[in-house]
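A short write-up of the structure that comes next.
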Amino acid sequence: MSEITQSLNGAAQPFVLNNTLANVARMTATETIEAVITKVEVSNLSFYYGKFQALRNLNLSIPARRITAIIGPSGSGKSTFLRLLNRMSDLTPGSRAEGQIIFEDQNILDPAIDLVKLRNKVGMVFQKPNPFPKSIFDNITYAPKASGIRDKKALEELVERSLRSASLWEEVKDKLDKSGYSLSGGQQQRLCIARAIATRPEVILMDEPCSALDPISTIKIEELMLELRKHFTIVIVTHNMQQAARASDFTAVFMMGSDRAGEMVEAGPTRDVFSQPKNERTEQYITGRFG
């Protein structure tokens, strides 16, 4: 039985801080924030939907090739923040951002940024699996074809590589011409991860990727995330405190201010945030006494 399986079996118990420490202690990451390279630097970031301020003055360093979990109560701006990291937020009319998000020496909030290139490098996996109404093969090759790749052998190799990276190849290699909808929910989510990997991104964003999945599928996604962090920077939004403790290296805690604007109250190595929170609101939240 894997460590993730063991910790998941305890997830049905009431959440208390001491139970979670056992999970945190088993984490493989031991580095501090200062010991790793920063992949994305967020500075003085605020975001507005019209006149409503959804995020206020966020400052966060997202480390390279690590899993950063964003946790906090509903309405604290976690998903809004995630969508800002690849400018999906632009799809909301009347929204605007202030501050900086530095990725590859560029402020991605600059209006002149090439959004196609940005989203190829910063992929998104959504809460519910959303395969395209196409074959498994075409789901993986859709973006590469759009970027100009036409060679059949190159596409076939890309499909196999992406599906292997998503731990799905052995399950679907004989039915690549079948619809993505023919797969189970957990398989569909791994297909969406493979589709994101196909563009060879630097960062993968995941918005509650396990919330619609059964426990066994959740195990597979979490184990996949831990494998993928060897090659990708991962940022995950989750309401599941046990999942954050099991499967992340760093954690940022978002809360709502008095005017309902999302604020980051604490960030650091996951084991420290869960075992020795510096902010009283963090401790109240992770122990279930708030939010």
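Read-outs: derived from the displayed coordinates by stated rules, not from any lab. Every value quoted in this text rests on a predicted model; they were computed, and no experiment measured them. Using ideal geometry, Cβ is built from the backbone for each residue, glycine included, and neighbour counts are taken over all protein chains shown.
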Out of the range 272-291, which residues are under 17 Å from S258 (Cβ atoms) and surrounded by fewer than 21 Cβ atoms within 10 Å (Cβ to Cβ)?
N279, E280, R281, Q284, F290, G291
A212 being in contact (Cβ under 8 Å) with a residue 40 or more places away in the chain, touching a helix residue (DSSP H, G or I) at 6+ places or on another chain (Cβ under 8 Å), within 18 Å of S74 (Cα to Cα) and surrounded by fewer than 17 Cβ atoms within 10 Å (Cβ to Cβ):
yes
May I ask you to say which residue of V237, V253 is under 22 Å from K121 (Cβ atoms), of a type in the set (V, I, T) and either touching a residue at least 12 places away in the same chain (Cβ under 8 Å) or surrounded by 22 or more Cβ atoms within 10 Å (Cβ to Cβ) (or both)?
V237
What are the pairs with Cβ atoms under 6 angstrom where one residue, in the range 129-140, is in contact (Cβ under 8 Å) with a residue 40 or more places away in the chain and over 24 Å from S211 (Cβ atoms) and the other, located anywhere, is outside any helix (DSSP H, G or I) and acidic (D, E)? Sequence gap at least six, or different chains.
S135/D177
Answer from K220, K230 - the residue that is of a type in the set (D, E, K, R), surrounded by fewer than 19 Cβ atoms within 10 Å (Cβ to Cβ), farther than 25 Å from N44 by Cβ and touching a Lys or Arg at 6+ places or on another chain (Cβ under 8 Å)
K230
